[in-house]
Amino acid sequence: MPRLTLVTAGPLGRGYLERLAWRLSTVLPHAVIVAGAPLNLSPAWDPERGQYHSTRILELLARGETGEEGSRTLGVVGEDLFVPILTFVFGEALLGGPAAVFSPVRLSPTFYGLPRNKDLLLERSLKEALHELGHTFGLYHCPRDCVMRASANADEVDLKPARFCEACARALPA
Amino acid sequence: MDKASILVVDDEKVVRDSLTRWFGEYGYRVSTAGSGKEALGLLSERPFDVMLVDIKMPGMDGLELLRRTREAVPDAVVIIMTAYGTVDYAVQALKQGAYDFVKKPFDPDDLARLVEKALEHRGLVAENIQLKRSLDQVSQFDDIVGDSPEMRDLLEMVRNVAETDSTVLIVGESGTGKELIARAVHAASPRRYMPIVPVSCGALPDTLVESELFGHEKGAFTGAQYRRKGKLELADGGTLFLDEIGEISPKTQVDLLRVLEERAFTRLGGHEVIHVDFRLITATHRDLEQRVAEGKFRQDLFYRLNVVTLRCPPLRERTGDIPLLAEHFMKKLSRQMSRRFELIEPEAMELLQRHPWPGNVRELENAIERAMVVGTPPAIRARDLPVPGPAGGEGAARPGGTSLAAVEREHIQRILLKHRGNVTRAARELEIDRVTLYNKIKKYGLRRE
């Protein structure tokens, strides 16, 4: 069975991670494990932007990958992420590669001044995690009712389902 | 369907890499260039659906690249990327034809929407170009049949004059195809995507010509229950074709002259000045110069209309075109009438070429139609043609003889058959009353079926 390793960094609740790992294991054919040691994010810090450069984090994650067939590493980073040209990103992935990263920071209702909502945060996190992992399996954005549909804001994340459409699901390991 | 292609032009590698990765997740085909020169090189190899161009680059900046891109690819969709403090440049870029601009760093939401919108725009532009090409492929001269030197000269003049915006006067006898020529001028002109609006001045009473041309406001005259746009307004951007211009009254001549001078008018009963931009083509079968000399047509208007004159030759001056025209009408009418005529017998063709055709091409078309009504497929025969046979000939055209009675008998028989024995319709066409027609049927022993 392929493995999905969740590598964490930044402030994240233990309960959040465990629930996320469990939800991912219900959708993906992977054995989901949470790595013991958190990732050192300092090489990805950009003091001018006050954010972490997601591409750098991906490079760090890819370095630790074992290259096992179908296995993936997913960074779950409790910090705000960016790529230089965009104001922020929810996440980033190596298209068809071994690693992906996402941040729950902008998925949390509290980021927008709204009351805390753990269930909503988990649901959105599951969708973004699946979305970025989908890219690692070579999937592009999908126009159908699918988790691979592009979403540039939290509302759009809410509008898509936490599952792959039939066509996209075929790209996942058995 | 192929995914869209995007060219990212930025001197910063990190920007190129970020956008490549970001657009890559959408499945777009992304190419990058680190300079304007490199971008032009890529553009010379293949087109791109959308270009994202940084405005500040060493060497050739974004504005220069935009200008040179649009010179080579006028419909290129270019989005300008600006940094803080370069918004003024972005405004310049928009004036130079950029599709839009985005400020760095971009909000992912904004960038996704902008590119989506740009691609949609690109699709519409491409569709528009395709439609225009299809339209252009429909020959503007398809309906004009003729290979005689006279027609070739005329069509050459049509092509030359079409490219200009000059006023055209088409002269020629009735039935020579003046309206077809007017339509060909319009169809080959830069105004071809706008309408050509024909007005038959000869068919309308003077008061109606005014209302037709200028339109009217509600209540302008008895029966004007609604505001109505005139042909001048409807032709805005396109071509106004005034047929039978020699027939318009002195008052309409004055009004028309004013419109041509001012390119503005008011509707009947209205005060609002309406500005219009149209090309004017007029046609007449009359000798306008003679009418000017007789004081029936204003000289100043004549000079306004007579900038370029195209003369439609009468059919008798291009008899070489008669076989082509006859075949053309036979094929066209075969389709319309669902009667499979496939050839014109040599005797019939000879007859057609000898006839002087005072009614010109229109008369020829009518003759072919009549022959197809009374004749039997698949051949048009001489005896079915409503034209007199050659004097002293073999009688092929007039099997019943050439006396007045014989000609009348045959003519009435033909009209009766055309109308399938309907006496009322046949009498109407023959311009005689039904009783007279019944008497002639009896006298000549004619068949009604």
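The values are calculated or read from the model by the stated rules, or taken from the named source; none is laboratory data. For clarity, every value in this text was computed on a predicted model and none was experimentally measured. So basically every Cβ, Gly included, is an ideal-geometry build from the backbone, and we count neighbours across all protein chains shown. Areas reflect the complete protein model, heavy atoms only, side chains present, ligands, DNA and RNA absent. Shrake-Rupley method; radii C 1.70, N 1.55, O 1.52, S 1.80 Å.
Do we have residue A:121 as part of a helix (DSSP H, G or I), open to solvent by less than 40 Å² (accessible area, probe 1.4 Å), modelled with pLDDT of 95 or more and more than 14 Å from chain B (Cβ to nearest Cβ) here? The answer is yes for residue A:121.
Here segment A:61-73 is the region considered, the condition is being out of contact with any Ser or Thr (no Cβ under 7 Å at 6 or more places or on another chain) and either assigned to a helix (DSSP H, G or I) or among the aliphatic types (A, V, I, L, M) (or both), and the residue that is modelled with the highest pLDDT is A:62.
The number of residues in segment B:106-125 that are touching a residue at least 24 places away in the same chain (Cβ under 8 Å) and more than 8 Å from every other protein chain (Cβ to nearest Cβ) comes to 7. Do we have any residue at all in segment B:115-136 that's closer than 22 Å to residue B:280 by Cβ and either open to solvent by 30 Å² or more (accessible area, probe 1.4 Å) or modelled with pLDDT under 85 (or both)? Among the residues of segment B:115-136, not one is closer than 22 Å to residue B:280 by Cβ and either open to solvent by 30 Å² or more (accessible area, probe 1.4 Å) or modelled with pLDDT under 85 (or both), which makes the answer no.
Figure legend. Inter-residue proximity from segment B:153-181: first residues farther than 19 Å from residue B:288 by Cα and in the same structural domain as residue B:278 (by TED's automatic domain parsing), second residues among the aromatic types (Phe, Trp, Tyr) and modelled with pLDDT under 95, beta-carbon distance below 7 Å, spacing 6+ or different chains. Indicated pairs: B:155/B:141.
Return the residues of segment B:215-242 that are over 16 Å from the mean Cα position of the chain (by Cα) and open to solvent by less than 10 Å² (accessible area, probe 1.4 Å); say none if nothing qualifies. Of everything in segment B:215-242, those that are over 16 Å from the mean Cα position of the chain (by Cα) and open to solvent by less than 10 Å² (accessible area, probe 1.4 Å) turn out to be B:215, B:224, B:230, B:232.
Every condition in (1) within 14 Å of chain B (Cβ to nearest Cβ); (2) not in a helix (DSSP H, G or I) holds for residue A:58 except the one numbered (2). So, in segment A:59-79, exactly how many residues are over 11 Å from the mean Cα position of the chain (by Cα) and surrounded by 22 or more Cβ atoms within 10 Å (Cβ to Cβ)? The total comes to 2. Which members of segment B:191-207 meet the condition of being part of a loop (DSSP other than H, G, I, E, B), under 27 Å from residue B:153 (Cβ atoms) and open to solvent by 50 Å² or more (accessible area, probe 1.4 Å)? Hit for segment B:191-207 is B:192, nothing else. Report yes if residue B:305 is assigned by TED's automatic domain parsing to the domain that holds residue B:157 and in contact (Cβ under 8 Å) with a residue 60 or more places away in the chain, otherwise no. Judged against the criteria, residue B:305 is a match. A single member of A:106, A:116 is of a type in the set (Lys, Arg), touching a helix residue (DSSP H, G or I) at 6+ places or on another chain (Cβ under 7 Å), within 14 Å of another protein chain (Cβ to nearest Cβ) and surrounded by fewer than 22 Cβ atoms within 10 Å (Cβ to Cβ), and it is A:106. When A:147, A:157 are checked against the criterion of being of a type in the set (Val, Ile, Thr) and within 12 Å of chain B (Cβ to nearest Cβ), A:157 stands alone in meeting it. Evaluating residue A:82 against the criteria (1) among the aromatic types (Phe, Trp, Tyr); (2) away from chain B (no Cβ under 11 Å); (3) within 14 Å of the chain's Cα centre (by Cα) leaves one unmet condition, (2).
Evaluate segment A:93-102: report whether one residue or more is away from chain B (no Cβ under 14 Å) and either among the small types (Gly, Ala, Ser) or in a strand (DSSP E or B) (or both). For segment A:93-102, residues away from chain B (no Cβ under 14 Å) and either among the small types (Gly, Ala, Ser) or in a strand (DSSP E or B) (or both): absent. Can residue A:25 be described as out of contact with any helix residue (DSSP H, G or I) (no Cβ under 7 Å at 6 or more places or on another chain), open to solvent by less than 70 Å² (accessible area, probe 1.4 Å) and among the small types (Gly, Ala, Ser)? The answer is yes for residue A:25. Within segment B:166-190, the set of residues being open to solvent by 50 Å² or more (accessible area, probe 1.4 Å) and under 15 Å from the mean Cα position of the chain (by Cα) comprises B:179, B:180, B:183, B:190.
For segment A:141-157, what are the residues that are in contact (Cβ under 8 Å) with a residue 24 or more places away in the chain and within 15 Å of the chain's Cα centre (by Cα)? Once the filter is applied, which keeps residues that are in contact (Cβ under 8 Å) with a residue 24 or more places away in the chain and within 15 Å of the chain's Cα centre (by Cα), segment A:141-157 yields A:151, A:154, A:157.
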